[in-house]
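**Student:** Have a look at the structure that comes next, please.
The values are calculated or read from the model by the stated rules, or taken from the named source; none is laboratory data. Computed from a predicted model, the values in this text were never measured in an experiment. Virtual Cβ from ideal backbone geometry, glycine too; neighbours counted across all protein chains shown. Please note that ligands, DNA and RNA were not included when accessible areas were found on the heavy atoms of the full protein model with its side chains. Shrake-Rupley method; radii C 1.70, N 1.55, O 1.52, S 1.80 Å.
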Amino acid sequence: MVENLSEIAAEYDLNSLRGSWVEVNLGTLRNNFYAIKRSLKPGTKVLSVVKADAYGHGAVRCAKTLDACGTDYFGVSNVIEGIELRKAGLKKPILMLSQPPADAIDALLEYEIMPAVFESEFAILYGEKADARGVRAPFHLKINTGMNRIGVSWNEAAEFARMISFHRALDLEGTFTHFATADEVDTLDFERQANRFNTAINEMRAVGVNPGIVHCSNSAATLKYPGVHFDMCRPGIILYGLKPSPSTIPQIDLQPVMSVKAKITDVRSVPIGDGVSYGLHYRSRGYAKICTISVGYADGLHRALSGKIDFLLRGQRYHQVGSICMDQCMFEVPQKRLQVSATEDPVPGEIVTLIGQDGDACVTLDEMAEAGNTINYELACDLGAMRLHRKYV
């Protein structure tokens, strides 16, 4: 995004400047949070994951909404994301879901951001720097139970925790792991990870280490496996009304928070056989209007989706045609000229829905992700975090 976007916004309506935007419904976000909270046993804490700019929905605005709803923690992926929340005035505990570089320790302490810890060298340096400042060094221990990305091995976690517990400044406030397959139909690997995590927690307690807040439930596990909710759940994608995977069918009412809209910039008739867009891979069949909107792959609408998706206009689906360009793309509106009740031609300025609801018709990120052989997470992040201005409702 443009660095001085706020200065431009002070002078102009950003939606009118571009003619395309992402709409984020904060009321729906609130409803999703409350629905998730109601599904948990009383007393279970909630860590709201707002990493990656809240999956493209805008971290600060979403975090403020979730803060007002009563979330207990925020989850971020790096120190910069945590600092952004602190500078926005948010006071709730912030957990960085990975261990940062040692150079980030001063910033962690300055802005009171808790890191995940899984290396003794980092832990001791973190404790030393905190002690020099006269403050505590809170952290959550990250355990690797089978995802094999980061973390202390599950069968070494108790010894690791005991080994670093001598440091007077270090405070183990929580212990967690992350599931690799909670969103899959097959449960074997999930059960293996859950059993390993339980073993690690029990071994920590056996050697006299209090694991603090125990948590492992990502969005999929929050929905599917109440037996592993423990002390806290970490909903991420489901906060924004999206399913972790096609096999994850929520038992609670969750609605998409994001929609994407654009105004038609051009309408033209293209003679039969003439091509549309780069490469001319699509050829007009005639008796149709080709409509252009100012959204392209630089806005997060992947070029790989070319010719595979539909847009909504006046509550009807129309197929996207031609290669998606960097800044624009086209769709086709067939003209029923042989019928008495012919469809009125589309006109520039009409609003097109790329993602969301229009009348009884709906296009979802899940549908678009399937067409592009990707996941809804990626599309939400890309559409929300690139060039399109976010409009909050």
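**Student:** Give the calculated FRET efficiency between residue 186 and residue 135 to the nearest 0.05, with a Förster radius of 45 Å applied to their Cβ-Cβ distance.
**Tutor:** The computed FRET efficiency comes out at 0.50.
**Student:** While we're on this one: Just how far, in whole angstrom, is the range 221-248 from the range 363-393 if you go by their alpha carbon centroids?
**Tutor:** Distance between centres, Cα-based: 19 Å.
**Student:** While we're looking at this one, here's another question. Hey, any idea what % of the chain's accessible area is carbon plus sulfur with a 1.4 Å probe?
**Tutor:** On the chain, the fraction of accessible area on carbon and sulfur atoms equals 51 percent.
**Student:** Could you work out the helix-only [θ] at 222 nm for the chain, with each DSSP H run of four or more residues adding -39,500 (n - 2.57) and the total divided by the number of residues, to the nearest 500 deg cm²/dmol? List each step's numbers first, then the result.
**Tutor:** Details: 13 runs with 122 residues, N = 393.
Mean residue ellipticity at 222 nm (helix-derived): -9000 deg cm²/dmol.
**Student:** Full extension from residue 162 to residue 78: what is 0.36 nm times the residue separation minus their Cα-Cα distance, to one decimal in nm?
**Tutor:** 27.6 nm
**Student:** Right, next: Positive end of the charge dipole of the chain (Lys, Arg +1 and Asp, Glu -1 on Cβ, about the Cα centre): tell me which of 132, 233, 39 has its Cα farthest that way.
**Tutor:** The listed residue farthest towards the positive side: 39.
**Student:** As an exercise, identify the trypsin sites (Lys or Arg not before Pro) in the range 241-345 lying in DSSP coil whose Cβ has no more than 16 other Cβ atoms within 10 Å. Can you show the working numbers first?
**Tutor:** Details: sites: 261, 263, 268, 283, 285, 289, 303, 308, 314, 317, 336, 337; in loops: 285, 308, 314, 336, 337.
Filter output for the range 241-345: 285, 308, 314, 336, 337.
**Student:** Let's see if you can work this out: charge +1 on each Lys and Arg Cβ, -1 on each Asp and Glu Cβ, no other charges. What is the dipole magnitude of the range 64-183 about its Cα centre, in debye to the nearest 20? The partial results should precede the final answer.
**Tutor:** On the way: 12 positive and 17 negative charges, 55 e Å.
Result for the range 64-183 is approximately 260 debye, rounded to the nearest 20.
**Student:** Residues with beta-carbon under 13 Å from that of residue 254, excluding residue 254: net charge, scoring Lys, Arg +1 and Asp, Glu -1?
**Tutor:** With Lys, Arg at +1 and Asp, Glu at -1, the neighbours total +2.
**Student:** Just give me a number: lysine pairs in the range 202-312, eight or more positions apart or cross-chain, with C-alpha atoms less than 20 Å apart.
**Tutor:** 5
**Student:** Answer with one residue from 311, 348, 364: the one whose Cα lies farthest towards the positive end of the charge dipole of the range 273-393, charges on Cβ with Lys, Arg +1 and Asp, Glu -1.
**Tutor:** Final value for the positive-end residue is 348.
**Student:** So how do 37, 142 rank on accessible area, 1.4 Å probe, biggest first, that is with the largest at the start?
**Tutor:** Greatest to least solvent exposure: 37, 142.
**Student:** Could I ask something else about it? Placing +1 on the Cβ of each Lys and Arg and -1 on the Cβ of each Asp and Glu in the chain, which of 334, 122, 104 has its Cα farthest towards the positive end of the resulting dipole?
**Tutor:** Highest projection toward the positive end goes to 334.
**Student:** So if we plug the beta-carbon distance of residue 195 and residue 34 into 1/(1 + (r/R0)^6) with R0 = 30 Å, what FRET efficiency do we get, rounded to 0.05?
**Tutor:** Result of the calculation: an efficiency of 0.40.
**Student:** Give, in nm to one decimal, the length gained when the segment between residue 393 and residue 287 is fully stretched (0.36 nm per residue of separation minus the Cα-Cα distance). Working shown, then result.
**Tutor:** Working: separation 106, 0.36 × 106 = 38.16 nm, distance 3.81 nm.
Roughly 34.4 nm would be gained on extension.
**Student:** For the chain, what relative contact order do you get, as a whole percent, if you take Cα pairs closer than 8 Å and at least 6 residues apart? Display every interim value, and only then the final one.
**Tutor:** Working: 829 pairs, mean separation 70.3, N = 393.
Relative contact order here is 18 percent.
**Student:** Counting only complete DSSP H runs, which helices of the chain cover 24 Å or more along their long axis at the Cα atoms and score a mean Kyte-Doolittle of 0.0 or above?
**Tutor:** Span-like helices here: none at all.
**Student:** Using 0.36 nm per residue of separation minus the Cα-Cα distance, give me the extension gain between residue 210 and residue 357 in nm, one decimal.
**Tutor:** Taking 0.36 nm per residue and subtracting the Cα distance, the gain is 48.1 nm.
**Student:** Which loop chymotrypsin sites (Phe, Trp or Tyr not before Pro) in the range 12-82, with loop taken from DSSP, have no more than 12 other Cβ atoms within 10 angstrom of their Cβ? Walk me through the numbers before you get to the answer.
**Tutor:** Values: sites: 12, 21, 33, 34, 55, 73, 74; in loops: 12.
Answer by residue number: 12.
**Student:** When DSSP beta bridges are limited to those with both residues in the chain, what percentage is antiparallel, rounded to the nearest 5? Intermediate results must be reported in sequence, preceding the final value.
**Tutor:** Values: 32 of 61 bridges.
Roughly 50 percent of the DSSP beta bridges within the chain come out antiparallel.
**Student:** Checking the cross-link filter: which aspartates and glutamates have an alpha carbon closer than 18 Å to that of residue 92, excluding same-chain neighbours under 8 positions apart?
**Tutor:** Partners found: 53, 67, 72, 81, 84, 110, 112, 171, 173, 231.
**Student:** Moving on. Quick one: putting +1 on the C-beta of Lys and Arg, -1 on the C-beta of Asp and Glu, what dipole do you get for the chain around its Cα centre, in Debye to the nearest 20?
**Tutor:** Dipole about the Cα centre, nearest 20: 720 debye.
**Student:** Please work out the C-alpha center-to-center distance from the range 102-170 to the range 306-320 and express it in whole Å.
**Tutor:** The distance from the Cα centre of the range 102-170 to that of the range 306-320 comes to 50 Å.
**Student:** Which of the following values of mean projected area of the Cα convex hull in nm² was calculated from the structure shown: (1) 22.1; (2) 44.4; (3) 19.1?
**Tutor:** Label (1) holds the value from this structure.
**Student:** Under 17 Å from a label point 7 Å along Cα→Cβ of residue 68: give me every residue in the range 364-393 with its amide N that close.
**Tutor:** Under 17 Å, as judged by backbone N against the label point of residue 68, lie 391-393 of the range 364-393.
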